[in-house]
Structure formats: C-alpha cells, structure tokens
C-alpha cells in the first residue's frame, strides 16, 4: 500500500483540463519530485491532494483511505501537510505564533500553551529560524518566510509533506541549505512530494521523479532516466 | 523562552494595575443606582449598549476581516423577543432567550453565507436587515392590523444593572478569546484563510461559532434595551444605524485593540447622547467626517495613534505586540 | 384584463427605466473603479434637491437644469476619486482590503452628504409639478414626466453604450474594468480612467435625481432607498456588467410592478428576497463574469 496515491485524477477549469487522468503514487519514506513546464498542472495536483480543490473525477488515497471529498483541515489532521507556491505566512503575527497555530490545530491532540511554545521553538531551530521567533512574519526575507511555512507545516506532525517550489527565488547557497533541510525532514521519517523547477536540486535529492505536461503525466522514473529522456527534454525546450 | 500561558499572563505585572483599576471601576459602576444621579443610569445604559454592539461586531469582523452589517438584525431580534415574550416570563429568562434566538439566526445566516467573498457578504447582511424589517412590517400590517408592539416595562435601575452585566460579559469574552488559541486562529483566518485551513483549522466552524457568540450578546442587549423604549416597531427595532454606528466606533477606536474598540464606543456614545437632541445633524455630520478621516488616515484608529505616540516617546521599549 | 396587463407592464417599464439609470451609475463605479459606493443614493438626492431649488428659486426648467447638475456631479465625483479613493488605492494592501475600505469611506461620505443636505434644505418634503400632464397609452393614463424618465434612461443608456463601444476612452474604460494593471501597462492612464468612471457614475446619479424630482417629492433621507435598489439591480444584472444593469433594472421594475398589483406592501419584501436568493445561488447575476 502506498502512503499516498491517486487514480485517474482529473480537474477541469471551464473547458480546460488542468489535470487530466493522472495516476500517481508515493511510497513511505520516498522523496518524489514533480516537474513540468509552467501551467502543466503541478500546483493544481497538489491542490487536489490537499483538498483545496475538488477533482472532477478520480480518487486520491492517503494511507489506504479515500480522501477525495474531505476538507483541507481534515486532511491535515490525518497527517498530510503542504507549503504554498506563493508564500502564505500569517504576516501580522510573530513568527513563533505561525508555528504555534500549527501545533495547536494540526493534530487531534490537545496541547498546553507552554508545551506548544516549546514545540514551536524546537521546530524553528530545526529549520534554522531560531533567532527570529518574535519578528512579525511579514518582516522576514522571502527565504525565511519559506522556511517558516515549512516549520508551520511540520508543526502539524505530517507523515507526508507536499512542498511547492520552495526553492523558487533562492540563491545558490540557499538552495543547498534547502536541499539539506529536505534530507533532514526525510530523515525524520516524513515522506516528501515536491514540485520544483530547480533541476540540480530535484535531480540530486529525489528518489523518483514524475513529469507533467498540459495536465497529463508524460514520464516517471529515476532522476537518471528522466534526465536522459528525450521526450522530457523536448517538452522543456519546446515551451 | 516565549511565555504564552495564561498562568504566566496572570503573573505578569503589566496586567495587575489596570486589572485593579478596572475592578474598582466596576464596583463604583455597580453601586451607581444607589448613590448616583438619576439621569446617569439612563445615560450609561445607552453607552453600555454601544459597547456591547461594538465589541460584538469586532469579535467577528475584526479577525475575519469580513464586514458584517447584521448587527442590527441580531439586536432587533432581541428587541422583538422582549416584545413578544417579555410579559410572560421573568426578565432573566427573556434576555437569555433573546440572546439565544439571535445566536440561532447567526448560525443559520453564517452557515449559508460565510463563503461569500468580501463585499458580497457585507451587502448580503445589509439586505438581510432590510428583508427582515420589511417582512415583519408587512406581516404586522397585513395580519395583526397594527404596526409595532408594546414591551413590558422594567425600571431603569434593573435595566442598568443588566446592561452592566452584559457589557462586562461581552468584553470579558472578547478579551479571553483574543488571548486564546482560538483568537489566534481567527486572526490567521483573516490573514490567510486557505493556509489556516491547511494547518488543521476548521475555518467554517470557527467563523460561524464566533458569529453566533457575538450575536448572543447583541440579542441579549436588545432584549434589555427594548424594555426601556416600551413601544417598538420594525423600523425602530431593525434600524440600520445599529449596524453602521458600531462599525464607525470600532474603526475610529482601532479594531486591533480591545481598549481602542471600547474607547471608540464610549466616546461616540457620549457624543451622541449630548448632541442628538439639539444638534442631530451636526452629530451625524461629525460621524461621517470621523469615519472618512479614520479610514483614510488612521488605519489603526485611535489605539494606533496612541501606540505610535507611546513608541515615539518611550523609545519603543513599552510597545506590546 | 388586457388593459391591466398593459397597465402593469408599462408601469413596470417606467419604474424599470429609472432603476436602470441609477444602477448603471453604480455599476460603473463598482465594475471599473471597484468602489462600492454606498453613498450613491445621496448623489441622487443632491441632484433631486438641486433641481428643486433651481426650479423653485430660479425658475429653471428641470430638464434644462440637467445642464448644470450633471457636469457638477461629474466634477464632484472626479475630484472625490482623485483625492479620497486614490489615496485608499495607495494605502490598501490588497484589492479586497481596498474594496472594504472604499465601502467604509463611502459610508462616511453618505453621512456627510445627507446631513449637509439636512442643514441646507431642512427636513420637510419638497415637491414641484412639471409635465404632470396625463398621457393615454393603450387605455391607461400615465403622467408625462414618467414617460420622459423612461425616454431619458433609454437615451442615456444608449448614448453611454455607444460611448463604451465606439470611442477610444470607452475602450479604455472597458479594458480597465477587465484588468486594471494590464490596461495601465498598455498606456491607459488608469488614474484618469477610474476617476472618470466615478465621475460619470455621479453624473448619472444627478440625472436620476432630476428625473425623480419631476415625479416624486424629495427630501434629504430619500437616498438610501435608491442605493439599495441600485445594489440589488447591479447584483441582478451582474456586478461589472453595464448592459446587465440596464436589463436588470427593467426586469426589477417590471417584477416590482407585478408584485405591487397584488399587494403593494410586498414589493420591497420581494426585492429583498430576490436579492438574498441571488447572492446565495447566483452571485454573478444574469450577465456577470
């Protein structure tokens, strides 16, 4: 049984199929990459998994359970978390409160305030934001806001984490740090499904890669296989 | 180490002195009927009413950033409950039912409409007010033959004490919710609703709940105030001023801080009481000007101005986030 | 029986013409400038009271006073937008916040204008008689000024439609309504266009006010009723669609006339029920995007 899988997932916007009959699966402990040209449907697929969007057809299963039709907060509590392509931190509150919210509401456990604060501190340290706990989230740099989103998602104790282009807009050093963070997260036992455009990152950190184009899955395989696939190269060059 | 617990807040000195002042103030207010001038009781009841409506409005519209104009609906339901039931049951029960009826209405309206975005929600609440007002009016004209009803009469001191109690409960509830994880969650919903949903917050449940809680206090206040007016009709009960005025008071006072909200209510309620009989048009004119000035130049209201002033004069040391 | 239907129908059209006019102005303001002008009715009231004053004090023909009131309204609206709403555009962090803030500012404006009107004109209802001659249409009698109102609404509607579709400025307005920032990039002076739309909206309100003053009595608090109807029509027709407001206005007028025939007190209730249902079931209205 795959920890996350989908069959025939389809989503139309008006007359256009943003995601068309996509099958996918992610195994426990894997890091799976999702790549494709802009507009291929990658973020839409994530939206369908996290229940931000409702599929027109197809099913999505999480830990064997059909989660199509559930609402985002329910899916979060079941153990699936995500970050967003356009960063959605809670700007007017301090960094630590962003994470504290995840701790309090992300699982079905009741947590005391002091305990939540401790947990949040720990997570901020894990992602590298220790010194900034009381800073309003809007005052963080883009990189740090992305890290905050990760910490907030981790606070919900996910088993599967969807990362949407966390490396967009990062410089070389930051990309390397982000890659290390991704490995660290996997080392905690969390399965990762990540959308990325930064090829070097995807190729080096993923176990397996899926390629979408115009809403359809056109290739799947190891980084090696994908890098040498003529079809994938054409799709990218042709855009 | 970040101290966020209730225990640590209680222990922290910065709440001790204001807390004592408030307690003393409350005792004085409670004793007013016995030794204060007669008119003050009536005067203060109205001010309390505005504090309840304004605080209630902020409870929902503050964090969620959805401007509700349904305040008058909930207030009016309380008024009508008093008119219909007041003669048949003890005051306390009637007030509670008034509050509950408004809550139920809020639950209904909330679950139907909270997914409406931005202005749509606002104009919906406004349309609802007009619908209920005209529907009840039509009903009364067509079926009962008369317009309006008489309300049971209650003495001014009792009204005053009830309003004091409701005010304290409203402000206390607002304060406690703000400080709790639910208050934080509500704030996050207002800032990034989608992200909030994705970290496990049941957005619909939270919004509808806080809507219903705020409606309870508005309805209870309506039930009490109705007994002062003794005769009410749909146009008095569902008067749009009770929807507009709390919004102005809150914006002027500063939506972000409870102290600002309450101050805004007190200032304008006081102004209204003084000006409304002799200079009603000047009062409303000032109302409008303050509204425009606040929206254009004072995004954080009076509270924001005070905060900035304190930050500038104390070098930022005492600015609380 | 047939005469009654004609009666109701024409009465509905006459009312509808007025509704269409007041809605088009608001639609322009919200559809393009994204300002939900709750004070729209107050500008109508100003137009009505100004016309009354010009007529009773200076003896000016109401239709002629349009030449004064409409441009005055336009200038007022233009200035208001360039000062007040422009500032809000700058200080608001997002379009959603701007919509909220501009609505609140319009609120404030409502109180300012209405109470200034009270101070200037007092609380008494005012009326004058002009073109109250009855006209026979298909067996029923209608006051001539109602027909003038309908004719005027149609005229303004058609002229405006041509303006939107045929002229360069009209195209700029439509572009701005679709996508303000892109239109800006294409060389459209957005600030001018938005202010223009707002000004036009106020001018239309002033026209409506003049027409109303011919048929009904006028007083400072008359505005709100029209604002609400304008909002209902704009939602019915589809927020952002000018033709939609026109059709929506006529439709609502006819519906109102039908309901009034059965029970006069129920008309307002019917309007609000339609409104609520629309918002719940089809917020985009008849022709909205």
Practice task
Could you pull the Rg and Dmax for chain C, using just the Cα atoms, both in Å?
Solution key: 18.6, 59
Practice task
Can you tell me the 0 to 90 degree angle between the C-alpha axis of helix B:258-275 and the longest principal axis of chain B, rounded to 10?
Solution key: 40
Exercise for the section: Given the options A:41, A:106, A:14, state which has the largest fluctuation in a GNM of chain A using a 10 Å cut-off (strictly under) for Cα springs. Expected result: A:14
Problem - Approximate spin-label separation residue A:2-residue B:141, in nm, with each point projected 7 Å along Cα-to-Cβ - result: 6.6
Exercise for the section: Within 10 Å of each residue's Cβ, count the other Cβ atoms and sort C:27, A:130, B:294, A:172 from fewest upward. Expected result: A:172, A:130, B:294, C:27
Practice task
Can you give me the three principal axis dimensions of chain B from its C-alpha atoms, in Å, biggest first?
Solution key: 67, 51, 40
Fill in the blank from the handout: Inter-chain shielding metric for C:265-271, i.e. average beta-carbon neighbours from other chains within 10 angstrom, reads 5
Practice task
Starting from the Cα of residue C:179, step 7 Å along the direction of its Cβ; do the same at residue B:22; then give the gap between the two resulting points in nm.
Solution key: 5.1
Problem - For a label point 7 Å along the Cα-to-beta-carbon line of residue A:85, residues of the range A:198-239 with backbone N under 14 Å - result: A:198, A:212-216
Practice task
Report, in degrees rounded to the nearest 10, the 0 to 90 angle that the Cα long axis of helix B:156-179 makes with the longest principal axis of chain B.
Solution key: 40
Completion exercise
Nearest 10, in degrees from 0 to 90: the angle of helix C:168-178 to the longest Cα principal axis of chain C is 80
Practice task
Classify the range B:1-144 as rounded, prolate or oblate, taking a ≥ b ≥ c as the square roots of the eigenvalues of its Cα gyration tensor: rounded when a/c is under 1.5, otherwise prolate if a/b is larger than b/c and oblate if not.
Solution key: oblate
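Tell me, what is the FRET efficiency for residue A:59 and residue B:112 to the nearest 0.05, using R0 = 22 angstrom and their Cβ-Cβ distance as r? Let's see the in-between values first.
On the way: r = 30 Å, r/R0 = 1.36.
For R0 = 22 Å, the calculated efficiency reads 0.15.
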Problem - Rounded to 5, percent antiparallel among DSSP beta bridges of the protein assembly as shown - result: 65
Practice task
Note down the relative contact order for the range C:1-120 as a percent, whole number, built from C-alpha pairs under 8 angstrom at least six residues apart.
Solution key: 31
Problem - Within a Gaussian network of chain A (alpha carbon springs, distance under 10 Å), most fluctuating of A:171, A:97, A:56 - result: A:171
Completion exercise
So the FRET efficiency between residue C:167 and residue A:38, C-beta based with R0 = 51 Å and rounded to 0.05, is 0.85
Handout entry: Max mean-square fluctuation residue, GNM over chain C, Cα-Cα springs under 10 Å, options C:165, C:259, C:75
Key = C:165
Practice task
Return the calculated 222 nm mean residue ellipticity for the protein assembly as shown, to the nearest 500 deg cm²/dmol, obtained by summing -39500 (n - 2.57) across DSSP H runs with n ≥ 4 and dividing by the residue count.
Solution key: -21500 deg cm²/dmol
Fill in the blank from the handout: Given a Förster distance of 35 Å, the FRET efficiency implied by the Cβ-Cβ spacing of residue A:207 and residue A:130, rounded to the nearest 0.05, works out to 0.70
Exercise for the section: Treating the Cα atoms of the protein assembly as shown as identical point scatterers in vacuum, please give the log10 of the normalised Debye intensity I(q)/I(0) at q = 0.08, 0.09 Å⁻¹, two decimals. Expected result: -0.83, -1.02
Handout entry: Average beta-carbon neighbours from other chains, 10 Å sphere, peptide A:41-54
Key = 1
Practice task
Sticking with the crude label model, points 7 Å out along Cα→Cβ, report the distance from residue A:168 to residue C:60 in nm, one decimal please.
Solution key: 5.7
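Read-outs: derived from the displayed coordinates by stated rules, not from any lab. Being a predicted model, the structure only gives us computed values, none of them experimental. Heads up, the Cβs are rebuilt from the backbone with ideal geometry, glycines too, and the neighbour counts pull from every protein chain shown.
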